[in-house]
Amino acid sequence: MEEKIIKDLVELIDSKKGEDIAVIDVKEILPVTNYVFVVTANSSVHAHSLAKYIISFFVENSLKNFLHNKSIDLNNPWILIDGGDIIVNVFLKETREFYNLEKLYFKGSDVYKPAMKN
């Protein structure tokens, strides 16, 4: 079940033009979640749109959604959507490069990276 959810979410983000999708299995290093997604959006409007699709996906798949603020700030270069077992970080390119979450979670296992895409 978990693998299907991950695969379906990657496909959704990819279909909505999310870029450089990385999925990191952090079960062994974080007690609060199982997977961290890191995604790049090409603009603030694109990030907002991606976040809305991801939230809808969480609702449709009965995942928790801890994004309490229903209006997503278009000026925010980082949107975090907490789905409990899955956390999705949607970044603008410069912000993603600055925070470099993939390096932070280097002890996690890569589940999906752009190079793995068929």
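The values are calculated or read from the model by the stated rules, or taken from the named source; none is laboratory data. Treat the numbers as computed from the prediction; the structure is a model and nothing was measured. Cβ: placed from backbone, ideal geometry, glycine included. Neighbour counts: every protein chain shown.
What to note about this one:
- Scan of region 83-98 for residues that are surrounded by 16 or more Cβ atoms within 10 Å (Cβ to Cβ), free of Cβ contacts under 8 Å to residues at least 40 places away in the same chain and either on the phi > 0 side of the Ramachandran plot or outside any loop (DSSP other than H, G, I, E, B) (or both), ordered by number: Thr95
- Meets criteria (modelled with pLDDT under 90, among the β-branched types (Val, Ile, Thr) and closer than 20 Å to Glu102 by Cβ) for Ile29: yes
- Here the condition is being without any contact (Cβ under 8 Å) to a residue 60 or more places away in the chain and outside any helix (DSSP H, G or I); of Ile79, Ile29, it holds for Ile79 alone.
- Of all residues in region 1-39, those satisfying the criterion of being of a type in the set (S, T, N, Q) and more than 17 Å from Ile79 (Cβ to Cβ) are Ser15, Asn34.
- Residue match in region 19-31 (condition: touching a Pro at 6+ places or on another chain (Cβ under 8 Å), of a type in the set (A, V, I, L, M, F, W, C) and on the phi < 0 side of the Ramachandran plot): yes
- For region 1-21, a residue qualifies if it is in a helix (DSSP H, G or I) and of a type outside the set (Val, Ile, Thr), and the qualifying residues are Glu2, Glu3, Lys4, Lys7, Asp8, Leu9, Glu11, Leu12, Asp14, Ser15.
- Search result, residues across region 62-72 that are at pLDDT below 75 and either closer than 15 Å to Thr95 by Cβ or among the polar types (S, T, N, Q) (or both): Asn65, Asn69, Ser71, Ile72
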